[in-house]
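**Student:** Got a structure for you, written out below as structure tokens; questions coming shortly.
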Amino acid sequence: MVANGGGPRTDPFLVLGIETSCDETAAAVVANGAAILSSVVSSQVDLHARFGGVVPEIASRAHVELLTPVTAEALVEGGITDGVDAVAATVGPGLAGALLIGVSAAKALALVWDVPFVGVNHMEAHLYAGMLEEPDLKPPLVALLVSGGHTMLVDMKDHGRYRILGSTVDDAAGEAFDKVARFLGLSYPGGPAIQEAATAGDPEAIAFPRAMMDDGYDFSFSGLKTAVINYVRKHPDVTTPDVAASFQTAVVDVLVAKAVRAAEECGAETLCIGGGVAANALLRERTAEECTKRGLRAVLPSRAMCTDNAAMVAAAGWWRLQADGPTPLDVGVSPNLSLPV
Ligand code: KG4
Ligand code: ZN
């Protein structure tokens, strides 16, 4: 592997992205912040499944083992023979130990190859996933970011200029899927398991609460989780598919209602969704439907771009490099990093 050795910026400008914020070890090469040359994701789901959630120490150790082969694969698949022009890695939010593995590796590669290092915000990366697949997509837009750790509605005025309209006051949407799935005895991660179980259920079987539905842009999912637990305890004969379908519909109703209202009230023409929960089939279908009704453009990144990957990190890193220049090598990881406003 030959690096670009600090020479003049090439065209295309190649960014190696590295993502290790949670339980996916990922590396990708993206040209000019837009064209994915390779995107390799190694999921640790099997390692964490028996615990019903991500175990931070196991995640860190697995990243150590997987990051070198995953990065090598991304470079080979991307046909990289003349080096890359920058290395980007997620610096937060995420698990401290897990973030440290990717950030340390990215800094080491940037140093050895004599190219810039760029620290990336994981939620900003989820936002840029939509732009990777729809190259004409530009701000202003409203984005609904729904993952295992975060749920937020963002008014993106321009590149790097955000206004957080609302976020969850308790559990994230993905966390609610994972906790309810665990209670129902479904597999981890809970989102896909609930979606699968729901296909055989009646979404109107149980009228679960839609918290804060008409009340600003914040979200609350912890009461819904408790309502599911209480209902199942009171009605032991209820079927898992009916609970899964009714729960999923309650979550999606709130997410979609608030997201389209935010897009309309902000005067945005585009509503973009991102984060692992944006892989949910019902959320995608309902977002598309409601946007069509209102003449809004709906941007629904492919499922692989919704869940954690490094192509989105490379894309966001490319934009950050244009805006702010390289990140100093002494920057640390930030487990609670918020979206820059
Ligand atoms: O963005 P992501 O891959 O990792 C984080 O940054 O958290 O999101 C993971 C979350 C998990 O809570 C998972 O259950 C949820 O996304 N998820 C889904 C689906 N696929 C993944 N939730 C609902 N439906 C899905 N199909
Ligand atoms: Zn994520």
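The values are calculated or read from the model by the stated rules, or taken from the named source; none is laboratory data. Note that the coordinates shown come from a computational prediction; the quantities given were computed from them, not determined experimentally. Every residue, glycine among them, receives a Cβ derived from its backbone with ideal geometry; neighbour counts consider all protein chains shown.
**Student:** Being surrounded by fewer than 21 Cβ atoms within 10 Å (Cβ to Cβ) and either over 23 Å from PHE117 (Cα atoms) or out of contact with any helix residue (DSSP H, G or I) (no Cβ under 8 Å at 6 or more places or on another chain) (or both) is the filter here, so list the residues in the range 17-43 that pass it.
**Tutor:** ALA31, ALA35, SER43
**Student:** Another one. Give the range 232-245 a look and list any residue that's within 20 Å of THR199 (Cβ to Cβ) and surrounded by fewer than 23 Cβ atoms within 10 Å (Cβ to Cβ), or say none.
**Tutor:** Selection gives VAL232, VAL238, THR239, THR240, PRO241, ASP242.
**Student:** Having 1 or more residues that are out of contact with any Asp or Glu (no Cβ under 9 Å at 6 or more places or on another chain), of a type in the set (A, V, I, L, M, F, W, C) and away from ligand 1 (no atom under 16 Å from the Cβ) is the bar; report the strands (runs of 3 or more DSSP E) wholly within the range 134-180 that clear it.
**Tutor:** Output list reads 151-158.
**Student:** From VAL15, VAL64, grab the single residue that is more than 24 Å from PRO192 (Cα to Cα), over 18 Å from the mean Cα position of the chain (by Cα), part of a strand (DSSP E or B) and touching a residue at least 24 places away in the same chain (Cβ under 8 Å).
**Tutor:** VAL15
**Student:** Any residue at all in the range 270-285 that is within 16 Å of ligand 2 (Cβ to nearest atom), of a type in the set (D, E, K, R) and either within 15 Å of the chain's Cα centre (by Cα) or at negative phi (or both)?
**Tutor:** Within the range 270-285, not a single residue is within 16 Å of ligand 2 (Cβ to nearest atom), of a type in the set (D, E, K, R) and either within 15 Å of the chain's Cα centre (by Cα) or at negative phi (or both).
**Student:** Could you check the range 287-324 and list, in sequence order, the residues that are more than 16 Å from ligand 1 (Cβ to nearest atom), loosely packed, with under 15 Cβ neighbours inside 10 Å and in a helix (DSSP H, G or I)?
**Tutor:** Residues satisfying the conditions are GLU289, THR292, LYS293, ARG294, GLN322, ALA323, ASP324.
**Student:** Shifting gears a bit: From the residues in the range 246-276 that are outside any helix (DSSP H, G or I) and not hydrophobic (A, V, I, L, M, F, W, C), which one is surrounded by the fewest Cβ atoms within 10 Å (Cβ to Cβ)?
**Tutor:** Among those residues, the one meeting the criterion is GLY267.
**Student:** Just to verify a result, which residue in the range 193-218, among those that are at pLDDT below 95 and crowded, with 18+ Cβ neighbours inside 10 Å, is nearest to ligand 1 (Cβ to nearest atom)?
**Tutor:** ALA211
**Student:** Another question, then. Could you tell me which of the residues SER60, SER21 is within 16 Å of ligand 2 (Cβ to nearest atom) and within 27 Å of GLU175 (Cβ to Cβ)?
**Tutor:** Going through SER60, SER21 in turn, the sole match is SER21.
**Student:** Kindly provide the set of residues from the range 144-163 that are of a type in the set (A, V, I, L, M, F, W, C) and in contact with a strand residue (DSSP E or B) (Cβ under 6 Å, 6 or more places away or on another chain), ordered by number.
**Tutor:** LEU144, LEU145, MET152, LEU153, VAL154, MET156
**Student:** Does LEU100 meet the test of being more than 16 Å from ligand 2 (Cβ to nearest atom) and either β-branched (Val, Ile, Thr) or farther than 24 Å from GLY130 by Cα (or both)?
**Tutor:** The answer is yes for LEU100.
**Student:** On to the next question. Picking from ILE164, ILE101, which residue would you name as being crowded, with 24+ Cβ neighbours inside 10 Å and over 20 Å from LEU321 (Cβ atoms)?
**Tutor:** It is ILE101.
**Student:** Look at the range 325-336 and say how many of its residues are within 19 Å of LEU14 (Cβ to Cβ) and surrounded by 12 or more Cβ atoms within 10 Å (Cβ to Cβ).
**Tutor:** 2
**Student:** A further question follows. On the given criteria, is GLY190 within 16 Å of ligand 2 (Cβ to nearest atom), buried (at least 18 other Cβ atoms within 10 Å of the Cβ) and over 30 Å from ALA268 (Cα atoms)?
**Tutor:** yes
**Student:** Moving on to the next point. Sort out which residues of the range 106-152 are surrounded by 17 or more Cβ atoms within 10 Å (Cβ to Cβ), more than 26 Å from ALA72 (Cα to Cα) and more than 16 Å from ligand 2 (Cβ to nearest atom), and write them in order of number.
**Tutor:** Scanning the range 106-152 gives PRO139, LEU141, VAL142.
**Student:** Considering every residue within the range 201-222, establish whether at least one is part of a helix (DSSP H, G or I) and either touching a residue at least 12 places away in the same chain (Cβ under 8 Å) or closer than 14 Å to VAL251 by Cα (or both).
**Tutor:** Checked the range 201-222: at least one residue is part of a helix (DSSP H, G or I) and either touching a residue at least 12 places away in the same chain (Cβ under 8 Å) or closer than 14 Å to VAL251 by Cα (or both).
**Student:** Collect the residues in the range 84-121 that are polar (S, T, N, Q) and part of a helix (DSSP H, G or I), keeping them in residue-number order.
**Tutor:** Result: SER104, single match.
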